[in-house]
Amino acid sequence: MRKRKVFWLVIVFGGMALALLSLIPLRLLSPISFWQNPPPLVVPALREWHGESGSFVLSSHAYILLDPLYAKQLHVTAQVFQEDLSLETGITPPIATSSNPGLGNFFLTLQTRNDLIGDEGYLLTIGDSVTINARTTNGVFYGTRTVLQILQGAPDLASIPKGSAVDYPQYRERGFMLDVGRKFIPLGLLEDYVRLMSWYKFNDLQLHFNDNALNVGNQPNWQHQYAAFRLDSPALPGLAAPDGSYTEQQILDLEQFASEHAVTITPEIDTPAHDLALTQYRPALANPKYSKEFLNLNDPETYSFVDSLWNTFLPWFTAPQVAMGMDEYDSTTDANKFREYINYYDDFLRQRGKTTRMWGSLSEMQGSVKVHNDIVIEDWDNTWSNPVDMARQGFQIINANDNLLYIVPHANYFHDYLDTRLLYTSWEPYIFDLNNPAMNLQPNDPHVLGGMFAVWNDKLGNVVSDSDITERIKPALPVLGEKMWTGPTPDTNYTQFEQTVQQIGLPPGAHLT
């Protein structure tokens, strides 16, 4: 009888174990041992995880150790990590160099030859020490974000489950575009946005530096309507907006801060439309036939003036790629002149060491002039720029689709807040229309670089507050970060994902509550 009871106990408890096992997503289970640590909850989710048992526990005796071969390259990243650890846990590990991780320390190195992780991925090994290994400092930085998220989600702010991860982005472009032309954003808030972006492994903040109120270029008093240019140089006195602008030193400070957080500041000077600030400054350059927010493309002085803008401000920016605008010019005008203008500035900027991107407009502005397909298309509207056709022509594309990814605070069009549930469950960067599959590209299409969501302050700064913008980007960033870094995560539903976002909280040092 004793043997029979033991037999039935095995069946009962074995059945309970199988029942519990069935509740765990299959991708989290290891074929080796049921008792291995499941993947830690982070956003974006880790691409690969191999769990072990037990935990690393952060103590006041910990160091941040830098591989001596790469100490110089990693020192700034280590300093940011140190500061964030101190803010988050109250522990400030000293920074030192050592070729041996030792016990209880963090070890940063650039020794990996793993080609899978690319230039932004990293290897994370958690045992008696925590090692972050990458090919670049940006990869190491992203590894530190993962460590900080795990710690922030731990009840004791100290425990990290042992195991190893291979983590790398699905898409190379993970962007956010902010309209600072219609609403000035203080430098400190931009830095907080950089912190928040890097928390979710975004890598590109595009700043739209000039714009104007909607539909005012057709009004008789167009020279007195709201328009703003946000870069302030003594070389162009009077051009910068009186209600807020950025000096060269402020831009350099922002770029330095962003670089330390693995974010690139991509400048956009939008021409030849959205240019009321430029035509108010130089009225003779306004288009004589159409809206006065359009530059006159038949006047050689237009080219001379826009040349001077780029020559003045391009040296302020270290980004390898700049945004030329090129959107919503009058479609009844000479499309070939417009296309020639695009090619001219692509050549102009490339001669100065930059590659270029532009808002999609070529499907609407059709002509016989072939536009250079080395320009990256920010595909914002399927009518202005058909993504399938743009890919067929050989353009690389950033998905910035307005119906899915545009926020216009306090407006009754596009989104006041993004539909994050819909994006999480149904969108990927190759999808440009959820209702018309013919507009979409295929998964892993090499033309799709990634995605970018945008905040357009059409209602201007007297209606839209800083907190309005902050409260709209906070729910958007984690969802889009997940989709662009990790890709589909079918085993985690939206409610579970949101619970993870709440658990890991906001990045250390950000003043965004």
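Observations on the structure shown:
- Close contacts from the range 77-93, counting a first residue that is more than 16 Å from Leu108 (Cα to Cα) and a second that is open to solvent by 40 Å² or more (accessible area, probe 1.4 Å) and assigned to a loop (DSSP other than H, G, I, E, B), with Cβ to Cβ under 6 Å and a gap of 6+ residues or different chains, come to Ser86/Thr92; Thr89/Leu157; Ile91/Ser60.
- Some residue of the range 247-265 being of a type in the set (Ser, Thr, Tyr), touching a residue at least 24 places away in the same chain (Cβ under 8 Å) and open to solvent by less than 10 Å² (accessible area, probe 1.4 Å): no
- Enumeration of residues in the range 395-414 that are under 26 Å from Gln442 (Cβ atoms) and either open to solvent by 30 Å² or more (accessible area, probe 1.4 Å) or β-branched (Val, Ile, Thr) (or both): Gln396, Ile397, Ile398, Asn403
- From Leu297, Leu285, residue being without any contact (Cβ under 8 Å) to a residue 24 or more places away in the chain and crowded, with 17+ Cβ neighbours inside 10 Å: Leu285
- Unique match (being modelled with pLDDT of 95 or more, open to solvent by 20 Å² or more (accessible area, probe 1.4 Å), among the acidic types (Asp, Glu) and within 17 Å of Phe176 (Cα to Cα)) among Asp445, Asp419: Asp419
- The numbered conditions (1) in contact (Cβ under 8 Å) with a residue 24 or more places away in the chain; (2) open to solvent by less than 10 Å² (accessible area, probe 1.4 Å); (3) within 26 Å of the chain's Cα centre (by Cα) are all true for Tyr329 except (3).
- Within the range 121-136, the set of residues being under 15 Å from Ala78 (Cα atoms) and surrounded by fewer than 20 Cβ atoms within 10 Å (Cβ to Cβ) comprises Thr136 only.
- Going through (1) assigned to a loop (DSSP other than H, G, I, E, B); (2) surrounded by fewer than 21 Cβ atoms within 10 Å (Cβ to Cβ); (3) not hydroxyl-bearing (Ser, Thr, Tyr) one by one, His274 falls short only on (2).
- Meets criteria (touching a residue at least 40 places away in the same chain (Cβ under 8 Å), open to solvent by less than 10 Å² (accessible area, probe 1.4 Å) and of a type outside the set (D, E, K, R)) for Tyr226: no
- Residue in the range 50-67 that is over 30 Å from Gln499 (Cβ atoms), modelled with pLDDT of 95 or more, out of contact with any His (no Cβ under 8 Å at 6 or more places or on another chain) and aliphatic (A, V, I, L, M) present: yes
- Taking the range 100-117 as the range and being within 11 Å of Tyr70 (Cβ to Cβ) and open to solvent by 90 Å² or more (accessible area, probe 1.4 Å) as the test, only Gln111 passes.
Rundown of residues vs (1) within 24 Å of Asn440 (Cβ to Cβ); (2) hydrophobic (A, V, I, L, M, F, W, C); (3) in contact (Cβ under 8 Å) with a residue 24 or more places away in the chain, yes/no style:
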position: Gln351; (1), (2), (3): no, no, no
position: Trp359; (1), (2), (3): yes, yes, yes
position: Glu364; (1), (2), (3): yes, no, yes
position: Ser368; (1), (2), (3): no, no, yes
position: Ile375; (1), (2), (3): yes, yes, yes
position: Glu378; (1), (2), (3): yes, no, yes
position: Asp381; (1), (2), (3): yes, no, no
position: Ser385; (1), (2), (3): yes, no, yes
position: Val388; (1), (2), (3): yes, yes, yes
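- Residue check, Arg339 of a type in the set (Lys, Arg), outside any loop (DSSP other than H, G, I, E, B), open to solvent by less than 50 Å² (accessible area, probe 1.4 Å) and under 29 Å from Phe257 (Cα atoms): no
- For the range 448-492, taking the residues that are modelled with pLDDT under 95 and closer than 22 Å to Thr425 by Cα, the one that is farthest from the chain's Cα centre (by Cα) is identified as Asp491.
- Yes/no for Val369 being touching a Phe, Trp or Tyr at 6+ places or on another chain (Cβ under 9 Å), open to solvent by 10 Å² or more (accessible area, probe 1.4 Å) and not in a loop (DSSP other than H, G, I, E, B): no
- Evaluated against (1) of a type in the set (A, V, I, L, M); (2) more than 16 Å from the chain's Cα centre (by Cα); (3) surrounded by 17 or more Cβ atoms within 10 Å (Cβ to Cβ), Leu434 falls short on exactly one condition, (3).
- Residue satisfying all of: in the range 342-358; open to solvent by 10 Å² or more (accessible area, probe 1.4 Å) and of a type in the set (Ser, Thr, Tyr); nearest to Val180 (Cα to Cα) among these: Thr355
- Where Tyr303 falls short, out of the listed (1) open to solvent by 10 Å² or more (accessible area, probe 1.4 Å); (2) part of a helix (DSSP H, G or I); (3) under 26 Å from Ser198 (Cβ atoms): (3)
- Residue match in the range 490-497 (condition: of a type in the set (Phe, Trp, Tyr), out of contact with any Pro (no Cβ under 7 Å at 6 or more places or on another chain) and either open to solvent by 20 Å² or more (accessible area, probe 1.4 Å) or over 15 Å from Arg421 (Cα atoms) (or both)): yes
- Enumeration of residues in the range 159-195 that are open to solvent by less than 10 Å² (accessible area, probe 1.4 Å) and within 30 Å of Asp128 (Cα to Cα): Ile160, Gly163, Ala165, Asp167
The values are calculated or read from the model by the stated rules, or taken from the named source; none is laboratory data. Since this is a predicted model, take the numbers as computed values, not measurements. Methodologically, a virtual Cβ is constructed for each residue, glycine included, from the backbone with ideal geometry; neighbour enumeration extends over all protein chains shown. Please note that ligands, DNA and RNA were not included when accessible areas were found on the heavy atoms of the full protein model with its side chains. Shrake-Rupley method; radii C 1.70, N 1.55, O 1.52, S 1.80 Å.
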